[in-house]
Amino acid sequence: MGGTFTDVASWDGEAMTVGKVPSTPRDQSEGVMAGAGGAVDPGGRADLLHGTTVATNALLERRGARTLLVTDAGFESLIEIARQDRPSLYDPFADRARPLAEPGLRMGVDVGAVGHDDGEAAAAAVAAVARDQGVEAVAVCLMYSYADSAAERALAERLRVEVGVPVSASSEVVAEFREYERFSTAVLNAFLSPEVARYMGSLADRAGRSGFIDEISVMRSSGGLVSLDHASAFPASILLSGPAGGVVAAAALGELMGTGTLISFDMGGTSTDVCRVRRGRPEVTYNREIAGHACLMPSVAVHTVGAGGGSVAWADPGGALRVGPRSAGADPGPACYGRGGTEPTVTDANLVLGRLDPNARLAGTVALRSDLATGAFERLGSQLSLDPVEAALGVVAVVESHMTHAVRAVSVEQGTDPRNAVLMAFGGAGGLHASALARSLEMDGVIVPPYAGVFSAFGLLLSPPRADAAQTVNVTATDRHRLPAAAGDLLATARRRIEADSGQPARTAALIVDMRYVGQAHETSVPYTEGEPWETLCERFHGLHAERNGFARPTDPVEAVTVRAETVGSAALDWADLPEFKPESGDARRGSRAVLGRSGPAEAEVWWRPALPAGAEVTGPAIIAEGESTTYLADGDRAAVHKTGALRIEW
């Protein structure tokens, strides 16, 4: 579910059906159910797997709950003090995001009283403040609850009864040390709870009234599915629900095609999401910032920029051409949609340049108006002393520059070379810009997967149920015997969670230990096999530390800080389940049309992708069209159809 279109992929056990419907901004569940209804045969039934941006949008727009933070007396301002760093080292005007719990909504309690007989009095005092301030959610964050959660959980349970609003206890959300990050995550969870619960309730209600939906599962940020109830209770875990499905699918296809390292590139209507995949596994991060707020929930390491097909082009006061981050969205949408939008967007630019078919209907319903797109660029060009075509070319150059920086953020800035990676491009607009982007970074080619326009939705079918658990342990060589027991307990917890949430046992499980040299400030995540020797784990840590940081200190003492357990069940679909790729009958060539590139106008052959057989080759300049997306090949690009139906582009 995106800001412009809601993507749908349906698997009936024999065939795949894909499509798009316009998103419904006021109640996104309406668009979701419209898409689901079109994918299910009359009288049929289905399970609904859902990737959503509702939590992300609520955070970005600060449409969350009025949240009360309850913590130890004297630590009420910790969430605002944070790490005392600056969001931009050389920009004195850049401010940190305002805490989601405002200064007047932070309350300190006597932790000693909470854990004993006076706990009821402490809870009553908090409840009185909550009622007086009109609080809609509460976050309970005691300083050392990651080590001993009894007092925090007892207080949270009392508040749930006395206040009657969602209560997020930090030890239930994430039982890890680093108090600021844990507090921030718990406050995030509380802030989002009412909004996400309302949406999930609306979706469940519409699904129930539809009569054809059995179970609903929601994608979590880490790349697995959870129940609707879990997503409602832990909305911080679904903040990157939307792009996670595409990353999962990209990893699976890359492994099938023998591509060890790739960067997924998902360009939709509102934003572009990129993520590095190595050895068939997406990069996962356990500590990140989202809209300026720290979040300790595990998530695929997606980097997002406000550059999509609907990104608005504009001239700043200095006369420079800018693109985004504001998007025209689905309503009114780009100027060419003919829905009242007048500002030029990236989609309008691609239409003016001939890369989009002027006779196409996006999502089968939205007719494109070239005259309106040209008019929008005439107005923008007049501000920049450019003709409409020059302005459109400038917009494409600017947006591709934004996306180049995004790819660098997950490669060069993480110590890896993008020249060793393939760019896997999907989303409605990904194929239009992938070749230029990969060429500028000297990458090892481009893959445009099958179902590219709805690849994130398709990825939900490949995503298994998942449960994550974490616990800070702080183990060194002197007490190494504690690690196997802690890891075993955590793994058992994760297995119980996935069985309780999904109703199926874990198919696979994995352990990860965050390790560091004693005295270091940050950790390296290291795979761990239950019961393996401490020395083996340390050797693996030294190797990974050298790979990621350029050095290792094998003689220095090592500390295991946090243990993580991941359990996954069985996905609805595996690549091997898909039928053998067979092209549609008929001629794949559909004529030609003029396109405009940086080197000037050219006549590009137009091909219908579903009719291209495996082994077919197309040489640019060319347009390869399909129902949900378009791929543009510049002069010198060569595309070959893989046996899976994917396009492999080289030059």
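The values are calculated or read from the model by the stated rules, or taken from the named source; none is laboratory data. Note that this is a predicted model, so its numbers are computed, not measured. In this analysis, Cβ positions are derived from the backbone assuming ideal geometry, glycine residues included, and neighbour counts consider all displayed protein chains. Ligands, DNA and RNA are stripped out before the accessible areas are found, and what is left, the full protein with its side chains, is counted by its heavy atoms. Shrake-Rupley method; radii C 1.70, N 1.55, O 1.52, S 1.80 Å.
Taking segment 245-266, which residues are among the hydrophobic types (A, V, I, L, M, F, W, C) and in a strand (DSSP E or B)?
Initially, segment 245-266 is screened for residues among the hydrophobic types (A, V, I, L, M, F, W, C), giving 247-253, 256-257, 262-263, 265.
Hits for segment 245-266 are Leu262, Ile263, Phe265.
Suppose the filter is open to solvent by 50 Å² or more (accessible area, probe 1.4 Å) and on the phi < 0 side of the Ramachandran plot; does Val161 pass it?
Working: open to solvent by 50 Å² or more (accessible area, probe 1.4 Å): yes; on the phi < 0 side of the Ramachandran plot: yes.
Here the answer is yes, as Val161 does meet what is asked.
Met297: among the aliphatic types (A, V, I, L, M), farther than 25 Å from Thr404 by Cβ and buried (at least 24 other Cβ atoms within 10 Å of the Cβ), yes or no? Write out each step before concluding.
Details: among the aliphatic types (A, V, I, L, M): yes; farther than 25 Å from Thr404 by Cβ: yes; buried (at least 24 other Cβ atoms within 10 Å of the Cβ): yes.
Considered against the rule, which asks whether it is among the aliphatic types (A, V, I, L, M), farther than 25 Å from Thr404 by Cβ and buried (at least 24 other Cβ atoms within 10 Å of the Cβ), Met297 comes out as yes.
Within segment 48-77, count every residue that is touching a Leu at 6+ places or on another chain (Cβ under 9 Å) and closer than 13 Å to Pro99 by Cα.
Residues that pass the stated criteria total 9.
State which residue pairs qualify: first residue of a type in the set (Ser, Thr, Tyr) and inside segment 6-19, second residue open to solvent by 50 Å² or more (accessible area, probe 1.4 Å) in any location, beta carbons under 6 Å apart, and separation of 6 or more residues or different chains.
Ser10/Thr17
Take the residues in segment 322-335 that are touching a residue at least 12 places away in the same chain (Cβ under 8 Å) and open to solvent by 40 Å² or more (accessible area, probe 1.4 Å); name whichever of them is nearest to Thr272 (Cα to Cα).
Narrowing segment 322-335 to residues touching a residue at least 12 places away in the same chain (Cβ under 8 Å): 322-331, 333-335.
Of the ones still in play, those that are also open to solvent by 40 Å² or more (accessible area, probe 1.4 Å) are 322, 325-326, 331.
Numbers: Arg322: 16, Pro325: 11, Arg326: 13, Asp331: 19 Å.
Among those that are touching a residue at least 12 places away in the same chain (Cβ under 8 Å) and open to solvent by 40 Å² or more (accessible area, probe 1.4 Å), it is Pro325.
Just the residues that are assigned to a helix (DSSP H, G or I), among the hydroxyl-bearing types (Ser, Thr, Tyr) and within 25 Å of the chain's Cα centre (by Cα), please, taken from segment 301-355.
As a first pass, look at segment 301-355 and keep what is assigned to a helix (DSSP H, G or I): 335-337, 346-352.
Within this subset, residues satisfying the condition of being among the hydroxyl-bearing types (Ser, Thr, Tyr) are 337, 347.
Hit for segment 301-355 is Thr347, nothing else.
If I filter segment 112-121 for residues that are surrounded by 14 or more Cβ atoms within 10 Å (Cβ to Cβ), under 36 Å from the mean Cα position of the chain (by Cα), of a type outside the set (D, E, K, R) and over 20 Å from Pro235 (Cβ atoms), do I get at least one hit?
no
So which residues in segment 200-212 are open to solvent by 10 Å² or more (accessible area, probe 1.4 Å) and not acidic (Asp, Glu)?
Narrowing segment 200-212 to residues open to solvent by 10 Å² or more (accessible area, probe 1.4 Å): 201-202, 204-206, 208-212.
Listed by number, the residues that qualify are Gly201, Ser202, Ala204, Arg206, Gly208, Arg209, Ser210, Gly211, Phe212.
Could you check, for segment 231-244, whether at least one of its residues is outside any helix (DSSP H, G or I) and free of Cβ contacts under 8 Å to residues at least 40 places away in the same chain?
Of segment 231-244, the ones outside any helix (DSSP H, G or I) are 234, 239-240.
Still in the running and free of Cβ contacts under 8 Å to residues at least 40 places away in the same chain: none.
No, every residue in segment 231-244 fails to be outside any helix (DSSP H, G or I) and free of Cβ contacts under 8 Å to residues at least 40 places away in the same chain.
Does segment 186-199 contain at least one residue that is touching a residue at least 40 places away in the same chain (Cβ under 8 Å), crowded, with 17+ Cβ neighbours inside 10 Å and under 30 Å from Asp41 (Cβ atoms)?
Let us first name the residues in segment 186-199 that are touching a residue at least 40 places away in the same chain (Cβ under 8 Å), namely 186-196, 199.
If we keep only those that are crowded, with 17+ Cβ neighbours inside 10 Å as well, we get 186-196, 199.
When the remaining residues are screened for being under 30 Å from Asp41 (Cβ atoms), the result is 199.
Yes: segment 186-199 contains one or more residues that are touching a residue at least 40 places away in the same chain (Cβ under 8 Å), crowded, with 17+ Cβ neighbours inside 10 Å and under 30 Å from Asp41 (Cβ atoms).
Where residues in segment 524-568 are in a helix (DSSP H, G or I) and open to solvent by 50 Å² or more (accessible area, probe 1.4 Å), which of them is nearest to Met219 (Cα to Cα)?
Within segment 524-568, the first condition is being in a helix (DSSP H, G or I), and the residues that meet it are 534-549.
Now drop any that are not open to solvent by 50 Å² or more (accessible area, probe 1.4 Å), which leaves 535-536, 539-540, 547-549.
On the way: Glu535: 37, Thr536: 34, Glu539: 35, Arg540: 31, Glu547: 31, Arg548: 29, Asn549: 32 Å.
Only one residue fits best here, namely Arg548.
Could you pull out the residue among Ala602, Ala576, Ala588, Ala571 that is over 30 Å from Arg178 (Cβ atoms), without any contact (Cβ under 8 Å) to a residue 60 or more places away in the chain and surrounded by 18 or more Cβ atoms within 10 Å (Cβ to Cβ)? Don't jump to the end; show me each part of the working.
Details: Ala602 fails: surrounded by 18 or more Cβ atoms within 10 Å (Cβ to Cβ); Ala576 fails: surrounded by 18 or more Cβ atoms within 10 Å (Cβ to Cβ); Ala571 fails: without any contact (Cβ under 8 Å) to a residue 60 or more places away in the chain.
The conditions single out Ala588.
Which ranges mark the strands (runs of 3 or more DSSP E) fully within segment 19-114 that have 1 or more residues being within 30 Å of Asp214 (Cβ to Cβ)? Quick ask: steps written out before the conclusion?
On the way: elements: 46-50, 67-72, 106-109.
Hits in segment 19-114: 46-50.
Let me spell it out: the conditions are (1) part of a strand (DSSP E or B); (2) under 24 Å from the mean Cα position of the chain (by Cα), and Ser592 meets all of them except one. Which number is the exception?
Failed condition: (2).
Condition (residue is open to solvent by 40 Å² or more (accessible area, probe 1.4 Å), in a strand (DSSP E or B) and without any contact (Cβ under 8 Å) to a residue 60 or more places away in the chain) applied to segment 614-633: is it met by at least one residue?
Within segment 614-633, the first condition is being open to solvent by 40 Å² or more (accessible area, probe 1.4 Å), and the residues that meet it are 614-615, 617, 619, 627-628.
Cutting the leftovers down to in a strand (DSSP E or B) gives us 617, 619.
If we keep only those that are without any contact (Cβ under 8 Å) to a residue 60 or more places away in the chain too, we end up with 617, 619.
Within segment 614-633, one or more residues are open to solvent by 40 Å² or more (accessible area, probe 1.4 Å), in a strand (DSSP E or B) and without any contact (Cβ under 8 Å) to a residue 60 or more places away in the chain.
Return the residue satisfying two criteria in turn: it lies in segment 541-569 and is of a type in the set (Lys, Arg) and more than 11 Å from Gln520 (Cβ to Cβ), and of such residues it is modelled with the highest pLDDT.
As a first pass, look at segment 541-569 and keep what is of a type in the set (Lys, Arg): 548, 553, 564.
From what is left, the residues that are more than 11 Å from Gln520 (Cβ to Cβ) are 548, 564.
Working: Arg548: 85, Arg564: 97.
For segment 541-569, the residue satisfying everything is Arg564.
Which of the residues that make up segment 347-406 are farther than 27 Å from Ser440 by Cβ and touching a Lys or Arg at 6+ places or on another chain (Cβ under 7 Å)?
If the condition is that a residue be farther than 27 Å from Ser440 by Cβ and touching a Lys or Arg at 6+ places or on another chain (Cβ under 7 Å), then Ala363, Ala367 are the ones that fit.
Here is a list: Val302, Val407. Which entry is in contact with an Asp or Glu (Cβ under 6 Å, 6 or more places away or on another chain), buried (at least 24 other Cβ atoms within 10 Å of the Cβ), at negative phi and in contact (Cβ under 8 Å) with a residue 60 or more places away in the chain?
Values: Val407 fails: in contact with an Asp or Glu (Cβ under 6 Å, 6 or more places away or on another chain).
The match here is Val302.
Would you confirm whether any residue within segment 484-503 is among the basic types (Lys, Arg), outside any strand (DSSP E or B) and more than 30 Å from Leu49 (Cα to Cα)?
Our first condition is that a residue be among the basic types (Lys, Arg); within segment 484-503, this holds for 495-497.
Filter once more, keeping what is outside any strand (DSSP E or B): 495-497.
Now restrict to residues that are more than 30 Å from Leu49 (Cα to Cα): none.
Looking for residues that are among the basic types (Lys, Arg), outside any strand (DSSP E or B) and more than 30 Å from Leu49 (Cα to Cα), one finds none in segment 484-503, hence no.
Open to solvent by 20 Å² or more (accessible area, probe 1.4 Å) and at pLDDT 95 or above: does that describe Ser232?
Numbers: open to solvent by 20 Å² or more (accessible area, probe 1.4 Å): yes; at pLDDT 95 or above: yes.
Yes, satisfied.
Within the bounds of segment 485-498, is there any residue that is crowded, with 16+ Cβ neighbours inside 10 Å and farther than 13 Å from Ala565 by Cβ?
no
When you check Ala154 against the structure, is it assigned to a helix (DSSP H, G or I) and open to solvent by 20 Å² or more (accessible area, probe 1.4 Å), yes or no?
Numbers: assigned to a helix (DSSP H, G or I): yes; open to solvent by 20 Å² or more (accessible area, probe 1.4 Å): yes.
The answer is yes for Ala154.
Between Gly519, Gly531, which is more than 16 Å from Val563 (Cα to Cα) and modelled with pLDDT under 95?
That would be Gly519, the only listed residue that is more than 16 Å from Val563 (Cα to Cα) and modelled with pLDDT under 95.
When residues of segment 211-251 are filtered for being acidic (Asp, Glu) and in contact with a Phe, Trp or Tyr (Cβ under 7 Å, 6 or more places away or on another chain), how many remain?
We begin by selecting, within segment 211-251, every residue acidic (Asp, Glu); these are 214-215, 229.
Pick out the ones that are also in contact with a Phe, Trp or Tyr (Cβ under 7 Å, 6 or more places away or on another chain) and you get none.
Counting residues in segment 211-251 that are acidic (Asp, Glu) and in contact with a Phe, Trp or Tyr (Cβ under 7 Å, 6 or more places away or on another chain) gives 0.
Could you tell me whether Val606 is over 30 Å from Asp501 (Cβ atoms), in contact with a Lys or Arg (Cβ under 7 Å, 6 or more places away or on another chain) and not in a loop (DSSP other than H, G, I, E, B)?
Yes.
Could you give me the residue pairs with C-beta distances under 6 Å whose first residue belongs to segment 457-483 and is polar (S, T, N, Q), whose second residue is surrounded by fewer than 19 Cβ atoms within 10 Å (Cβ to Cβ) and outside any strand (DSSP E or B) wherever it lies, and which are 6+ apart or on separate chains?
These pairs meet every condition: Thr472/Phe177.
Take the residues in segment 359-385 that are open to solvent by 40 Å² or more (accessible area, probe 1.4 Å) and in contact (Cβ under 8 Å) with a residue 60 or more places away in the chain, then tell me which one is farthest from Gly308 (Cα to Cα).
Once the filter is applied, the top-ranked residue is Gln383.
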